[in-house]
């Protein structure tokens, strides 16, 4: 193994201390080293958004971040949201509006939605569509995703993760 | 620490504490699950592997002691002539019951046969005494070892 | 409980049972599998479009850290056979697909060497140390050039680059054309596209050396087909190979074929007696997953003065790429284009010729809609062109020519049969729902204001739920005409229903649960669906061709009915009531009109565990396996209407409204049906406006990232309205028609018509898709130059 | 698609980063937001011996108004910070408007100003805005500090005047003239995509006459450029529709666009003319509104 470093990260509130190779992408670290396979790999060049996670609260592409960079950071992934029998309001809105089909892009969508709902007013559907445009979905045509985000926006007290 | 082990003919690198028992290196780091944990104290023989052809208890062997020795496990023993004969004989005689201890049994038997002659009953007892079988397949183990050791069986196996 | 009060499960907007796991990161996609100790494959792929392999030097790569094995095509001799898609079609030349290239390479991206490393990182390091020497062979890039005699051959053994040729013909087309009042036509081009499922293709082969048992976890739509093929290619007993597709991240046809990488991980896992896995990256997906469309169609339509269609003629050249794909063959896309070209119209005189030409590109395979997005684009453009020439409203012209009423069942010239479907009702309902007449008024006002505002309509019919009669037609050695369901009530009283079909996002666990629950009389949460597993039932092919609800839903209904009969017979003993007085719903069997009932749980306990409650000879196993064969299949249809604006300066296209009026028969779950339509339309919008796989003149692919191959994002898709028309029940069990592909079929044609409509004042007809802003710019410029010239000469 | 191995060096001060950069002598890359760099590494189009991570250098992400109403932006300021900064919105609304076009939120959260300038993509917004706003770029190395005008800094496609061992540490936007009107327009295939063409302009009017005109273009040449001839045409002129059209044509004549997958050179020229006309009209309107 080439250049390695020990990092300490908090992932969904759990601390991990791990030895990582410098070149290890954060998404591979999460998926392979921590077995958190909810975060998906779609393109590895930052276009599709499937690997979006929250790094110190901001949405970022885990395929464009090296694990070694996150030493001391707080990471949140889809596994840190609700449980399958106790979905978060945003997850529930996705389910209620059938905002997912194959579900592959969904974790990245959810993490993006959390950040964009925090940062933008999302006043109309066009604004929601613009804000979602960095996350590609091939199944839904986005129609129901927009519905879900609109619903979550309108019930903000229930939509914080 | 980083160790490069020579296991079943291949160099495999692992990054572990030096006092990690070879058994867990094989099972957990190298995914060679054929070698079994029985007692963790060197008393049952289920974890037997070879270092340079000699049977050792892998639960009692720290990885730092392995050095450049060739490690052979149940997954690799079939590549040797003796190992292949033993496995064939084991099948012919239908030794196995639950099978949990059998990897260790075969590894111990392989060292015995490597001495190059047909072992006496006493020699078999001496060699196999440390390998416990709770299904008590001992009679057939003895039969199988004798069968594998007989020159005619060896040549028949070689022709196959 | 009266029939009215009974919970209706089929037809309800039931929330999906798949969602809780998918929303919480608990899905099980192939790459999510742990398989510690597995070797990771990286492929060195051809960077030549067509070249002889002169030498491969693996020495340096072999010495790299963490590299455990390297295989070339030659190393696979005796381990695995090449893949061969056979067919009884006349004029078909199969092409063996080597698992790793042998002797020569035929497209950029073809796998040549497989490197197995302890991680993907290490395997990729070794890729860079490989040396492969090539000697370029002649270019085979342009399909029309490749079809000419004397062109360099991709497959010498085939003797030609034309892998399939076929002609459908009825009537004297030339004579009718010559005498017709009006003829419209032209050269149509639909460029190459690729499915782009969000999950890249992934294969994990786990080898149980003790049992000589191979488990392939694959991101496939067709585990049954893959299992059967692996057994043959690897020469293994069928019971020792299991192919599992758990959660699959979208397929859209790109995962319906058998891939060399899929076979390779299995062959090497077996050879090396270890686990072997490969997850393609996006680059590999874009250059090696089957691609679609890529056809040139010269077509002409003849009509009478009153708008009656008299004849249709078409010559189709399909660019099928480097190999005839397994099992579908090189005919899959282009042959369907000529088969479906007459569309939902009465056309008695037709000549359709097709040739499938091999070129140095990734193989052509099925993609959502197969052939019909292209055939619908062509026929629907011809209809609109004719409407314009005849000054007849395009809606009226369609109505006039639709197969309707007593025409059903209608046999198309090409042999397809249209089951009764709502062609007219769909068009009328879509026009009513969108306010078609008002839209035309809006268009007049918009034009006066200088806007380029267009309205586009596309109607189509599709053959879905294909049964064994049609399945056999292409001559493939597989049966796609049946599906199997195996339903069992266990001793706890819950239901397990097993299928071989595979959900790639369509929500089949939910829709099949609905069918099983309602038919049996249990609650949805009492049902567990097993799908995507070749070992679940004896035979299955998988999910494609809008077949899963029709075939698996039909099989589920048959099996559930059989189990229900056994349940009722047992209940009749226990409740001491006549069979005909019993009914089951909501997890209990009850005597109608009384309060006597027994839950499924108590009944199962009585049957399996409480010996003595039922006489021995009345105890039956509460399970049944049924195969459903719709024999012919059925017909789905839809009309799409779209409105759009084109910026007259920048040529940016903005879609306003999109409405689909569709007939998919009985709707099991409207939520899911609407989602399917939305997604299909979005892919059709992508095909119409954005997506194109581009090659340079030598065959190098230029769109090898998602920055260059652009699929629609949220901002590119308008709101989509869906109107369901359940006019007449088809003859399928349950009354279902397939609907997974429809959205993609209608959208390119509707958008091409809307753009042509917007540009009608300039005399522009769209004949090439996708219509990128660049293409619009060129079209407008040419039209303006032509207008200026005409003005100058007048 | 995994990057080749590299050494990772984390710098806690500018000094450390500069020393490391010098040590690797051109064989190292600075890692800031990584949004352009990491795709190149993942595709193995770049394989530096080392990445020098500057994200933890304190104080390098400051966005502040300094003397003379100029805006000073530290190299580590993220695009999202500029997008949402009230100071930027008030004093440099054109910059504010352009930032919303930079890719997507997750990219803007990470992508840095210094990184975008140093990467110098001909279709990226920030270099173009630096050029439009006559920004001064500060580059530092162990050898000292340089201040470069944006037009001297941007040399060509992905090429800047930075020396191997220099780090962009800040960019300064001098105050806009009082009453300046502005506009920005971009044409991309999808929202957030790299621009096929974009035009930005700043106009100052005195009594209805153009005092200063600035027009910047991007996506249509080796690097973002200023349409100097078109700016000259406008100077000292009163509003006439033909003047705007002439300036737009002139801007169009100044460019040397490429033909690629997305658009032909001709279409890019056409777009520049259309966008320039719109942007000049928009900027003029705003300037008049300011004057009124």
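We did not get these values from a lab; they are worked out from the coordinates using the rules stated. Everything numeric here is computed off the predicted structure, so don't read it as measured data. Cβ coordinates were reconstructed from backbone atoms using ideal geometry, including for glycine residues, and neighbour counts include every protein chain displayed.
Helix D:241-253 and the longest principal axis of the Cα set of chain D meet at an angle near 30°. Calculated FRET efficiency, residue B:92 and residue C:232, Cβ-Cβ r, R0 35 Å, to nearest 0.05? Approximately 0.60, to the nearest 0.05.
If you bin all the Cα-Cα distances of chain C at 20 Å, starting from zero, the percentages per bin are 16, 46, 30, 7, 0, 0. The mean count of C-beta atoms from other chains within 10 Å of the C-beta of residues in C:703-709, rounded to a whole number, is 5.
Take the convex hull of the alpha carbons in region D:82-234; its mean projected area over all directions comes to 9.4 nm². Against the longest alpha carbon principal axis of chain D, how many degrees, from 0 to 90 and to the nearest 10, is the axis of helix D:14-24 turned? The angle comes out at about 70 degrees.
At 222 nm, what value in deg cm²/dmol follows for chain A if DSSP H runs of at least 4 each add -39500 (n - 2.57) and the sum is divided by all its residues, to the nearest 500? Present the calculation step by step, with values, prior to reporting the outcome.
On the way: 5 runs with 46 residues, N = 161.
After summing the helix terms and dividing by residue count, I get -8000 deg cm²/dmol.
With one equal scatterer per alpha carbon and no solvent term, the Debye-computed log10 I(q)/I(0) for the protein assembly as shown at 0.04, 0.06, 0.07, 0.09 1/Å reads -0.28, -0.62, -0.84, -1.33.
So how do B:44, A:43, A:139 line up by other beta-carbon neighbours within 10 Å, fewest first?
B:44, A:43, A:139
One chain, two ends: residue C:148 and residue C:698. Fully extended at 0.36 nm per residue, the span grows by 196.3 nm beyond their Cα-Cα distance.
In Å, what Kirkwood hydrodynamic radius results for region A:4-80 from the alpha-carbon pair distances? Display every interim value, and only then the final one.
Working: mean 1/r = 0.0834 Å⁻¹.
For region A:4-80, inverting the mean 1/r across all distinct Cα pairs yields 12.0 Å.
Ranking of C:108, C:316, C:17, C:222 by neighbouring Cβ atoms within 10 Å, starting from the fewest: C:17, C:108, C:316, C:222.
Averaging 1/r across all pairs of distinct Cα atoms in region D:180-291 and inverting the result yields a Kirkwood radius of 13.8 Å.
Taking label positions 7 Å along the Cα-Cβ direction at both residue D:229 and residue C:133, the computed distance is 5.4 nm, reported to one decimal.
Scaled to the globular estimate 2.2 N^0.38 Å, the Cα spread of region B:78-154, given as radius of gyration, is 0.96. Rg over Rh for region A:27-161 works out to 0.94, using Cα positions for both radii and the Kirkwood form for Rh. Under the classification rounded if a/c is under 1.5, otherwise prolate if a/b is larger than b/c and oblate if not, where does region D:147-219 fall, given a ≥ b ≥ c as square roots of the Cα gyration tensor eigenvalues? Here region D:147-219 falls in the oblate category. Take chain A, connect every pair of alpha-carbon atoms lying under 10 Å apart with a spring to form a Gaussian network, then pick out the residue of A:123, A:151, A:99 with the largest mean-square fluctuation. Of the options given, A:123 has the highest mean-square fluctuation.
In chain C, the DSSP-assigned H stretches of four residues or longer account for a calculated mean residue ellipticity at 222 nm of -9000 deg cm²/dmol, using -39500 (n - 2.57) per stretch and the full residue count as denominator.
If you build the Cα gyration tensor of region C:90-149 and take the root of 5 times each eigenvalue, what three semi-axes come out, in whole angstrom, biggest first? Can you show the working numbers first?
Working: eigenvalues 197, 44, 19 Å².
For region C:90-149, the semi-axes come out at 31, 15, 10 Å.
In this simple spin-label approximation, residue C:52 and residue D:285 carry label points 7 Å from Cα along the Cα→Cβ vector, and these lie 6.7 nm apart.
Report the convex hull volume per residue for region C:94-194, counting only C-alpha atoms, in Å³.
Working: hull volume 18.6 nm³, N = 101.
Once divided by residue count, the hull of region C:94-194 is 184 Å³.
Once you have a ≥ b ≥ c as the square roots of the Cα gyration tensor eigenvalues for chain B, tell me rounded if a/c is under 1.5, and otherwise prolate or oblate according to whether a/b is larger than b/c.
On the way: a/c = 2.12, a/b = 1.60, b/c = 1.32.
It is prolate, given that a/c is not under 1.5 and a/b is the larger ratio.
Peptide A:57-69 is shielded by partner chain Cβ atoms: per residue, an average of 6 of them sit within 10 Å of its Cβ. Between residue B:10 and residue A:10, the modelled labels are 4.1 nm apart [label points 7 Å from Cα along Cα→Cβ]. Here the extension length gained between residue C:75 and residue C:579 equals 174.9 nm, from 0.36 nm per residue of separation less the Cα-Cα distance.
Taken over the C-alpha atoms, region D:1-94 has Rg and Dmax values of 16.1, 48 angstrom. Once the Cα atoms are used to define both axes, helix B:138-149 deviates from the longest principal axis of chain B by about 80 degrees. Panel order for C:751, C:598, by other beta carbons found within 10 Å of each beta carbon, from fewest to most: C:598, C:751.
Given N residues in region A:89-159, what is Rg(Cα) / (2.2 N^0.38 Å)? Spell out each step's value before the answer.
Values: Rg = 10.6 Å, N = 71, 2.2 N^0.38 = 11.1 Å.
After normalising by residue count via 2.2 N^0.38 Å, the value is 0.96.
Across all Cα atoms of chain D, the radius of gyration (one decimal) and Dmax (whole number) stand at 19.3, 62 Å. Mind running the shape call on region B:1-69? Use the C-alpha gyration tensor, a ≥ b ≥ c as the square roots of the eigenvalues: rounded below 1.5 for a/c, prolate if a/b tops b/c, oblate otherwise. In terms of gyration-tensor shape, prolate.
Shielding by partners for peptide C:61-73, expressed as the average number of C-beta atoms from other protein chains within 10 Å of each residue's C-beta, is 1.
Relative protection proxy for B:129-142, C:148-161, from highest mean packing down: B:129-142, C:148-161 (other beta-carbon atoms within 10 angstrom).
For residue C:762 and residue D:27, a Förster radius of 45 Å and the Cβ-Cβ distance give a FRET efficiency of 0.20, rounded to the nearest 0.05. Highest-first packing order for the peptide set C:676-689, D:153-166, C:94-107 is C:676-689, C:94-107, D:153-166, based on the mean count of other beta carbon atoms within 10 Å.
When the helices in chain B are scored as -39500 (n - 2.57) per DSSP H run of 4 or longer and the sum is shared across all residues, what 222 nm value do you end up with, to the nearest 500 deg cm²/dmol?
Values: 6 runs with 58 residues, N = 160.
Taking each H run of at least 4 residues, the total per residue is -10500 deg cm²/dmol.
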